[in-house]
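Below is one structure, written out as structure tokens; comments come after it.
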Amino acid sequence: MLFEEERQQKIADYVQARERASVQELAQQFQVSESTVRRDLKILEESSQLRRTHGGAVALVNDNSEPPFMEKEDSYRAQKEAIAKAAAAMIQEGDTIVLDSGTTTYYLAKELKAFKQLTVVTNSVMAAQELLTHPGVDLVLTGGSLRHETLAMVGPLTEKALKAVYVDKAFLATNGLDPVIGLTTPNILEASAKQSILHSAKQVILLADHSKFGRVSFAKVAELLEIDRWITDDGLPENAREELEAAGLPVTVVHTGGERT
């Protein structure tokens, strides 16, 4: 028979090791009632050791690592390409958009070559490089200080440029998305640039593959309700989608062979 605190620590370790667990599973594993498990999960969530979901709990992944852009580009490539195609379908000829720096937004930049008339504001060196010779894009670069890890322009000059525009749609990237904590990224300067992007558009669309769900990084970017829609891939568990939509964030899930909303 485990003491209460010992049981709670073992539950936290169990969820962390498996990334998620149901109340029923935990009750069977630790030979206690489901009501006891729910009480334990509430205590563990309050101490930031996990996050409760409908019917169970998921691990909080604290991830402040930041691999170089080129290393991240090929991770979940098929998913990012599908997300980018779905994002491009939301854009109309003549739109003004802001493109955040990120690998998924970079794939969207590739899709923008199909347009004949767009205005694109970006702080992404890679997106700018992709679009700079395309005659159908009126390209506006923010300027700023270069972060070599992400090839993003950040800092006061970047933020000043973003505050000087107001566009139809902004496509945002993130390192982590958690239903309670919101959007986060490892670097404060990047978080500040993303906040400027948030306030520069009528509609803000988040582009992020499913691996970003449940991750928490150092610098807060935004609450969920500051985002108008998240486009992600079908690796996102259905119960996670339901939880996010119940919290007020519409989610579009794409497949490599199609899309469902």
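Results, tabulated for the structure shown:
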{"quantity": "Residue check for Asp178: touching a residue at least 40 places away in the same chain (Cβ under 8 Å) and touching a helix residue (DSSP H, G or I) at 6+ places or on another chain (Cβ under 6 Å)", "calculated": "no"}
{"quantity": "Set Glu93, Glu159: member being surrounded by fewer than 18 Cβ atoms within 10 Å (Cβ to Cβ), assigned by TED's automatic domain parsing to the domain that holds Lys220 and farther than 30 Å from Leu50 by Cβ", "calculated": "Glu93"}
{"quantity": "Any hit, region 166-180, residues being aliphatic (A, V, I, L, M) and over 18 Å from Ser124 (Cβ atoms)", "calculated": "yes"}
{"quantity": "Qualifying positions in region 172-185 - modelled with pLDDT under 90 and part of a loop (DSSP other than H, G, I, E, B)", "calculated": "Pro179, Val180, Ile181"}
{"quantity": "Scope region 159-174; condition of a type outside the set (D, E, K, R) and more than 12 Å from Leu206 (Cβ to Cβ); matching residues", "calculated": "Ala161, Leu162, Ala164, Val165, Tyr166, Val167"}
{"quantity": "Among the residues listed as Ile97, Ile91, the single one being assigned to a loop (DSSP other than H, G, I, E, B), at pLDDT 95 or above and of a type in the set (Val, Ile, Thr)", "calculated": "Ile91"}
{"quantity": "Residue in region 139-150 that is touching a residue at least 40 places away in the same chain (Cβ under 8 Å), in the same structural domain as Pro237 (by TED's automatic domain parsing), farther than 24 Å from Arg229 by Cα and acidic (Asp, Glu) present", "calculated": "yes"}
{"quantity": "Residue satisfying condition, being more than 17 Å from Gly144 (Cβ to Cβ) and assigned to a helix (DSSP H, G or I), within set Ser211, Ser192, Ser196", "calculated": "Ser211"}
{"quantity": "Qualifying positions in region 113-156 - surrounded by fewer than 24 Cβ atoms within 10 Å (Cβ to Cβ) and in a helix (DSSP H, G or I)", "calculated": "Lys113, Ala114, Val125, Met126, Ala128, Gln129, Glu130, Leu131, Pro156"}
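Matching residues to (1) touching a Cys at 6+ places or on another chain (Cβ under 8 Å); (2) farther than 19 Å from Leu60 by Cα; (3) among the β-branched types (Val, Ile, Thr):
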position: Thr174; (1), (2), (3): no, no, yes
position: Ser196; (1), (2), (3): no, yes, no
position: Ser211; (1), (2), (3): no, no, no
position: Val221; (1), (2), (3): no, no, yes
position: Asp233; (1), (2), (3): no, yes, no
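The values are calculated or read from the model by the stated rules, or taken from the named source; none is laboratory data. If you're wondering where the values come from, they're calculated on a predicted model, not measured in any experiment. So basically every Cβ, Gly included, is an ideal-geometry build from the backbone, and we count neighbours across all protein chains shown.
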